[in-house]
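Q: Let me give you the structure first, and then I'll get to my questions.
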Amino acid sequence: MADSPAAAPVGARPIHVALCGNPNTGKTTLFNQWTGANAQVGNYPGITVERHSGRRQGPSQPWLVHDLPGCYSLTAHSPEEEVAFLALRGRMDGPPPDVAVVVLDACNLARNLLLLVQVAELGVPVVAALNLMDAATAAGWHIDTAGLQAALGCPVVPVVARSGQGLDGLSSAVEAVAADPTLGRGPLPAWSLEVQTAMQAARAVDPRLAEVGDGELAWLLAADAALVDSWQPGLGTQLASAFGRAADESADVRRRLIHDRYRRIDAWVAAHTTAPSGQTRTPSDRVDDVLLHPLWGTLAFLAAMTLLFQAVFAWATPMADAVSAAMGWIADLCRAHLPAGLGRDVLVDGFLAGVGGTLVFLPQILVLFLGIAVLEDSGYLSRAAFLVDRAMAKAGLPGKAFVPLLSSFACAVPGILATRTLSDPRDRLLTILIAPLMSCSARLPVYTMVTAAVFADVPKVGGLLAFGGLVVTAMYLLGFVLALAVGAVLRRTLLPGGGAPLLLEMPPYRMPRPGNLGRVLWDRGRVFVVETGATIVALSVILWALLTFPRLDADTVAHQAARGQIEARTAAGPARDEALAQQDVALAQVRLDHSIAGRLGHALEPAIAPLGFDWRIGIGLVGSLAAREVLVPVMAQIYGRASSDDVDDRFAADVGQTMAKAGSLTPLKGLSLMVFFAIAMQCLNTLATIRRETRSWRWPLFALGYLNGLAWLGSFAVYQIGRALGYA
Amino acid sequence: MADGAQPLDAALRPLDAARLVQGDVPRALVASSSGALALTRWVPGQHGQVVHIDRADAFGDRLAELGLTPGAPVAVLRKAPFGGPMLLRVRQFVLSLRMDEAAAVLVAPAG
């Protein structure tokens, strides 16, 4: 082979290898085996389908491997299919692949072969990787690889991607096909008479189709008209009107194409495989007897979700605290060693605050994604979706939306990232838009501040339950119920579709692989820090500027004078230090009042007065745009109290009591404030994440508008009804 | 067609027959069991072959692509409580369908 001229490298260019396959076939495992640490994750331009590619050194030449999205077909009914199709045609962001490796699940050959047939129809040279051979053998399948290879007209290589078994043979087959594409031509087309007649008619419909091959024509006949139009103007519409849908499947050309393919596939499977004899209940079926049982299954589901929620909510907190502490230490270091001034302030309070604000989410995100990856890899996520589908469908949501929404109770940022498990873009968008309504952990300091200030003295309900605790519970419920209601409304208005069809595949239960898990965590973590983090840092600097400028000289002059007086009047010692510190706090108070944010707070007063909020809370609302819990230190600053980076419960309660004494908070105003915070979108990180995930500013701005509008209405209703009932 | 070679829940076959005979299955189901019935009217344990997908749209195409083509073996594995989705074995894999989606799949009982 080495001295054969055909084996010479195809120039200096690496061979382009596309990996395709159904979901759950181990395609990603194979990709990881091949590319290892050289893989790159990105997004295809304009859509949220992730793009994975990587280089590797093959047996005799370099490869560029593209991992196409997992899909069942190439008809392009979903973004994944469209990406896979366009990539195979070289219309995505590179040339067509030299070889397509179609990963087949050996336990589920028929459905997997449909994709292989479609890839071959497009004229892409194929190699079949018969994966999960170990599982198939264990289940009692016998597959005649040589016979299958002859029938399919392409190399068929049995592999076990997890262990790496058979991968050398696969690599050689890929390079052989790259050198001689005829080796991977795939099954020759064999269409029924009805399809052949339809193809003839189609070629008469439009001269552009005269030269098109049967395989591509088959794709054009079945594809979405709009997609074909975007490519060949008018062609899709023309074909759609020439070949209308027929209620009788045998008269419908789109259905006939699929039936024709399956007829051949069934024949190959019957001829070259032997099904397990005897019992047909798989081990997965037996596990399902418990995990999908109406009672035990529900209990197991509740236990799994409780565990996941606990992990995100409680176990990630120590790590997040450590990140906060480390960032605080770095900030202190900068304050201590850099000359005072605006440069230091923007670095510490703008830039570092943004970096810290990004990194502090990382533990939660990693813990959540570890949990989701385990659920997904093991095959349980589909079962959980099956169990809750009915309840979620009532809100117009798919069953899988459960995990993102649950995670959002800890934090909407990982929750929104978790919507990636939803395949339908509209389902995903809907879930993203309602996720911020789940009461996240950042709302707790605000709830604590208010309840400690105004509900602490209310007698316990029934002598048992603290009233404040009940109010907080009510806030959690409020967010959840509103989320379902908003979901139902959006489904009927902006995002119609009646909930995507369920159509869930229940993959067999499998052991999650540490390598895969580590990879998911690395990808998610890196994308979040690099891409979302950039937006968070930018917004954080802007907010810092709002809270800082304009900086009036008069304030500084007065401050210097006051300090001078203190120094002149008081002898050096603790008393003087305290007086100076108080003067510094007073300066911060005046500066905040004069800043753009302060002026905005004053300007907001007419708009928020009907909610029972004064201008001080107005400034707090502007400040808490960065993150809700920032309300507490900002209020502290407004009321001239020393601020603290550490927002703990006691500090929050303290600030609340100060506000209550000043008359800013009463039980009714407090309730109104809590309702506002329960609903409003006040989180730059969430906005940045929505932008990153939807690839536009339209949806974060929509969420900002509708959530804050709802929050205003909710607070307005609470305050005005309360006043009408005689509360203050 | 080599559909007979597909692995169906052989153990369940006699059970189905028994249930049909004993009236364990609603009468309406027995009465029309000679012809095709929408999957929604099937009970767990029953199996048969796809006759027709009664939806001339992209969703029907998707069902066909997943292997629900005329003659393909289907078995109902279980139904989620409260009218939730149903679990099917189609060829060699397990698929869940909502009830309104399953209504489009017409299946003829085996045997």
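Readers should treat all values here as calculations from the given coordinates under stated rules, not as data from a laboratory. Being a predicted model, the structure only gives us computed values, none of them experimental. Glycine gets a Cβ as well: all are built from the backbone with ideal geometry, and neighbour counts include every protein chain shown.
Q: So for the protein assembly as shown, taking the charge dipole from beta-carbon charges (+1 Lys/Arg, -1 Asp/Glu), which of B:Pro85, A:Leu546, A:Pro610 sits furthest toward the positive end?
A: A:Pro610
Q: Using only Cα atoms, tell me the angle between helix A:109-121 and the longest principal axis of chain A; keep it within 0 to 90° and round to the nearest 10.
A: Value to nearest ten degrees: 80.
Q: Taking the C-alpha atoms of the protein assembly as shown, how large are the radius of gyration and the largest Cα-Cα span, Dmax, in Å?
A: Answer for the protein assembly as shown, Rg first and Dmax second: 31.6, 106 Å.
Q: Can you tell me how segment A:5-184 classifies by the Cα gyration tensor, rounded, prolate or oblate, using a/c under 1.5 as the rounded cut? Spell out each step's value before the answer.
A: Numbers: a/c = 1.39, a/b = 1.13, b/c = 1.23.
Since a/c stays below 1.5, the shape of segment A:5-184 is classed as rounded.
Q: Which distance in Å, rounded to a whole number, links the C-alpha centroids of segment B:39-100 and segment A:270-339?
A: Centre-to-centre distance over Cα atoms comes out at 30 Å.
Q: Moving on to the next point. Can you classify segment A:470-552 as rounded, prolate or oblate using the Cα gyration tensor, where a ≥ b ≥ c are the square roots of its eigenvalues, rounded means a/c under 1.5, and otherwise it's prolate if a/b beats b/c and oblate if not? Display every interim value, and only then the final one.
A: Working: a/c = 2.16, a/b = 1.25, b/c = 1.73.
Oblate.
Q: Next up: Using the Cα centre as the reference, give the magnitude of the dipole from point charges on the C-beta atoms of the protein assembly as shown (Lys, Arg: +1; Asp, Glu: -1; all else neutral), rounded to the nearest 20 debye.
A: Values: 67 positive and 69 negative charges, 254 e Å.
Using Cβ point charges on Lys, Arg, Asp and Glu, the protein assembly as shown gives about 1220 debye.
Q: For segment A:193-274, take the alpha-carbon Rg, divide it by the Kirkwood Rh, and send me Rg/Rh. List each step's numbers first, then the result.
A: Values: Rg = 14.2 Å, Rh = 13.6 Å.
Over the Cα atoms of segment A:193-274, Rg/Rh equals 1.04.
Q: Once you order the gyration tensor axes a ≥ b ≥ c over the Cα atoms, which shape class does segment A:271-385 get: rounded for a/c under 1.5, otherwise prolate or oblate by comparing a/b with b/c? Write down the numbers at each step before the final one.
A: Values: a/c = 5.86, a/b = 3.11, b/c = 1.88.
Prolate is the answer for segment A:271-385, as a/c is 1.5 or above and a/b outweighs b/c.
Q: Which value at 222 nm does chain A reach when only helices count, each DSSP H run of 4 or more adding -39,500 (n - 2.57), with the total divided by all residues and rounded to the nearest 500 deg cm²/dmol?
A: Numbers: 34 runs with 421 residues, N = 728.
That calculation yields -18000 deg cm²/dmol at 222 nm.
Q: Relative to the first principal axis of the alpha-carbon coordinates of chain A, what is the inclination of helix A:253-272, with its axis defined by its Cα atoms, in degrees from 0 to 90 and to the nearest 10?
A: That works out to roughly 70 degrees.
Q: Here is a further query. Hey, fewest Cβ within 10 Å first, where do A:Ser407, A:Ser441 land in order? Write out the running numbers ahead of the final one.
A: Values: A:Ser407 32, A:Ser441 18.
Sorted ascending by nearby Cβ count, the order is A:Ser441, A:Ser407.
Q: Continuing with this model, one more query. Nearest 10 degrees, 0 to 90: what angle lies between the long axis of helix A:533-548 and the longest principal axis of chain A (Cα atoms)?
A: In chain A, helix A:533-548 runs at an angle near 20 degrees to the longest axis.
Q: Hand me the trypsin sites (Lys or Arg not before Pro) from segment A:653-716 located in a DSSP loop with no more than 15 other Cβ atoms within 10 Å, in residue order please. Intermediate results must be reported in sequence, preceding the final value.
A: Values: sites: A:Lys661, A:Lys669, A:Arg691, A:Arg692, A:Arg695, A:Arg698; in loops: A:Arg695.
Sites meeting the loop and neighbour criteria: A:Arg695.
Q: Let me ask you something else. Under 15 Å from the Cβ of A:Gly215, count the other residues' Cβ atoms, weight Lys and Arg +1, Asp and Glu -1, and hand me the total.
A: Working: positive: A:Arg89, A:Arg185, A:Arg203, A:Arg261, A:Arg264; negative: A:Glu121, A:Glu211, A:Asp214, A:Glu216, A:Asp260.
Result for the local shell: 0.
Q: With label points built 7 Å along Cα→Cβ from the Cα atoms of A:Ala724 and A:Ser60, find their separation and express it in nm.
A: Reported label-point gap for A:Ala724 and A:Ser60 is 8.5 nm.
Q: Now for a separate question. Whole Å is fine, so just give me how far the alpha carbon centre of segment A:142-178 lies from that of segment A:182-247.
A: So the separation of the two Cα centres works out to 31 Å.
Q: Out of all DSSP beta bridges with both ends in chain A, state the antiparallel percent to the nearest 5. Write out the running numbers ahead of the final one.
A: Working: 15 of 34 bridges.
Just about 45 percent of them are antiparallel.
Q: About the Cα centre of segment A:256-341, what is the dipole size in debye to 20, counting +1 per Lys and Arg Cβ and -1 per Asp and Glu Cβ, all else neutral?
A: About 440 debye.
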